[in-house]
Amino acid sequence: MSLKDVQLKKEYRSLIDNVVQKFYIPTLKHAVMYQRAVGFFSSSSLVEISKGIAAMAAAGGKIQLVASPYLSDEDIEAIKKGYEDREKIIEGALLSQLSDDHMDFYSMERLNLLANLIADGILDIRIAYTEDKHGIGMYHEKMGIITDADGNKVAFSGSNNESASAMYVNYETMDVFRSWGDESERDRVNLKQNAFLSIWNDFEPNIHVLEFPKITDAMIEKYRKKLANFSVDREQFRPAISGNALHEPTTPYESTNSNYPKIPENVQLHEYQLEAIASWVGENYRGIFDMATGTGKTYTGIGALTKLYDDLAGSLGVVIVCPYQHLVEQWVEDLEKFNIKPIIGHSASKQKDWLDRLTNAVRYQKLGIAGRSFFCFICTNATFATKKVQTQIQKMSGNILFIADEAHNLGARNYKKLMPENFPYRLGLSATLERHGDEEGTEALTTYFGKKCIEYSLDRAIKEKKLTPYRYYPIPVYLTSEEYDEYEILTKDIAKHVKKLKNGKVKLDDMGELLAMKRARLIAAASEKIEALREAILPYRNDNYILVYCGAASLQPEGEYGAVDDESELRQIDIVTDMLGNELDMKVSQFTSKEDMDERAILKQEFAKGENLQALIAIKCLDEGVNIPQIRTAFILASTTNPKEYIQRRGRVLRLAAGKECAEIYDFITLPRPLSQVYSLPTEYTQYDNSLVLRELTRMEEFARIADNPLDSHDLIFKIRDAYHIQYEPDDQELIM
């Protein structure tokens, strides 16, 4: 295969296209030469270069990188005045950019790979800067040429730096040209190739290119030496290359006696957490922690695990399940703080042999082998449901603790039958245990886990300063006539699929649920929301720490990243991204199921800095568990009517952060028609409005109830109730349709 076999676009936009997955990896897989000129040199830029290059390097390919040093004003001034030799100053600036601060495991392994490529002569780095009569400056050109064994070339240029923030955060564009394209494309490829060679060989006027052996030596010393005994992700970097760049995985149990839970010295559990654990112990180590988002459910759960371990004198197996991979990784981070080395089971786990580790851990724990009497296995709900994991679950016996994070998900029909009855110790964690419209599922959860050992409400959390107070601003929008016609048809059809239960309650059948989901998507994507958002967000266009929620999404069966995004929702999120990023010139990025865990980590890091990224535009993947405490202002377009979802969304905004005294929530309330029209219409004309109106009222009243500014909502609430003659609180029966 060659570069001609790769499906290439003429232009890539980073907020629409996954540039790494769609461009770099497929093209570099076929390359024998990768020539890249970038804007600046840093550890993060080196990490990005590593993606997709291992196969090329294994085939004898070469990488040539030209980068510019980041020079401070002091550096430039020193060069101007001749205080020190310029090459010494540049060298110092480059060395300062070789950092491993905030680097995750994958990033460090990629730097290890690059260090080996340098040592093996595969990667060559040269440093460029500009100089003319006005002084010294940064070399800004950003271009690249990828060449395959047949001499085919792909050239690209644009605003991308070779850095994490450029690829995933900033709104960047990149133009692509092929040597086998038309005459115009071929000319552009030749121009880029000649320009790169001229720069690389230091022939370009006013651009100086230098080699710095000390820099490459420093990279080898810093990154290769540190990770000489680690392995990189074999799926990402296969096949292996020479020079010890790749290694076979080592077991995490190098010192098995060190793997046991203990409270870290720098962690002090709050009184309410200790009370919850004490209550759980009193219930024979069974129960539910019903705690508001942001109040420390995970630490409380691990504290309970640690208490049980101590009480059992060290003989304990633990199984933890979470809905999504990003929650598993957040748990792993916290487990490691408590000295626990978990076995991590899901499709993207770094532990490729996790099933073998689990099998051995179960065997050792059952046999009571010294030093192997404790293990902790954590996985996604989807992995937990697989036959291979259920086989191991059935083999477990004795002292086993089952912890379910976001336990409400296990009340679903396909999961509740899998909850292991052979586990004597059980703990369910959730901010919203009650399943909306599913009493049977809720009852199954309480029957299995036991009573609530703590109910730590959002109200209490705000009052006790565990969460941030907030101000709430409902913004009414209305369905267009076309949208309302579709809404009315769906509502009539839903009414045909209501069935009465033996207990007198009613619920929708399967077809009714599908129709209700379609109606919910219609409401979530109401077209008036876009213009209403533009008006509401204008005063914040220069602010940071903004979250915009677009339409709801359905759960993904395999649970890879938590959500599958509906096409209409993708249209809405793209419209919002374009409006904020282009029309309002804000620095924004999408946060959806399309972004993998590494990309999300970068987005969270950049968002927290408050420099390169002002706003995240999300769909459902932020609903559960993702911790981004810096969010200060939320614009909720989603208009979800499921209490679990809107409580989760509110909780995302209320986490404590430095300098965050009060959060703001703008909620776009979808109504069937303007209230002025409702007053003049006979009741029979508005009968299909009631379902939507009641649901929106329920959410508004809940949000306004504990907001710092309830009066700002009460006027709209009163007008809606008055127009529709609603003088009562709706119950579940009335919300079905």
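Quick note: the coordinates plus some simple rules give every number you see, no bench work behind them. Keep in mind that this is a model prediction, so the values were computed, not measured. Neighbour counts are summed over all protein chains in view; Cβ atoms, including those assigned to glycine, are modelled from backbone coordinates with ideal geometry.
Quick notes on this one:
- Ranked packing of 286-292, 396-402, most packed first, by mean Cβ within 10 Å: 286-292, 396-402
- Of the peptides 597-604, 301-308, the order by per-residue mean of other Cβ atoms within 10 Å, starting with the highest, comes out as 301-308, 597-604.
- Cα centroid of the range 197-221 to Cα centroid of the range 654-699, whole Å: 61 Å
- Distance distribution note for the range 256-463: the fraction of Cα pairs above 26 angstrom is 28%.
- Computed E for Glu513/Thr446 - FRET, C-beta separation, R0 25 angstrom, nearest 0.05: 0.65
- When peptides 531-539, 315-323, 187-195, 660-668 are sorted by average Cβ neighbour count within 10 Å, with the highest value leading, the order is 315-323, 660-668, 187-195, 531-539.
- Pairs over the 32 Å Cα-Cα cut-off, from the set Lys466/Lys609; Lys492/Lys529; Lys395/Lys505; Lys337/Lys587; Lys451/Lys492; Lys29/Lys88: Lys395/Lys505; Lys337/Lys587; Lys451/Lys492; Lys29/Lys88.
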